[in-house]
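Note sheet for the following structure.
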Amino acid sequence: MRKYSENFSKVIMKREFNVIIERDADGYLVASVPNLPGCHTQARNLDDLMERIREAIELCLEFEEEQQDSLDFVGIQRVAVEV
């Protein structure tokens, strides 16, 4: 969905992301966004966690936008590992 800011100089898009929430050994809630590598945060309660993950997503999207032009897609490889 697109909408325009009040001064029409910037297009605002709404994107939705799945967020994985886990509790660590110290009791902190940890949120990560699978579709945005490296996008994660933690907090003591769910309200703070949701605020922080929104901020983290915005930062990850800014970084992704900057990096998008500098990478050329080469391909996908499957890797086998013995365990």
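The values are calculated or read from the model by the stated rules, or taken from the named source; none is laboratory data. It should be emphasised that the depicted structure is a prediction, and the values quoted were computed from it without experimental measurement. All Cβ positions, glycine included, derive from the backbone under ideal geometry; neighbour counts span all protein chains shown. Keep in mind that these areas ignore ligands, DNA and RNA; they rest on the heavy atoms of the full protein, side chains included. Shrake-Rupley method; radii C 1.70, N 1.55, O 1.52, S 1.80 Å.
Anything in region 22-49 that is crowded, with 16+ Cβ neighbours inside 10 Å and not in a strand (DSSP E or B)? List them, or say none. Scanning region 22-49 gives Val33, Leu36, Cys39, Leu49.
Can you work out which of the residues in region 54-79 that are more than 18 Å from Ile20 (Cα to Cα) and open to solvent by less than 100 Å² (accessible area, probe 1.4 Å) is modelled with the highest pLDDT? Here the residue is Gly75. I'm checking my understanding of the structure. Among residues of region 1-21 that are open to solvent by less than 80 Å² (accessible area, probe 1.4 Å) and modelled with pLDDT under 85, which one is farthest from Cys39 (Cα to Cα)? Result: Ser5.
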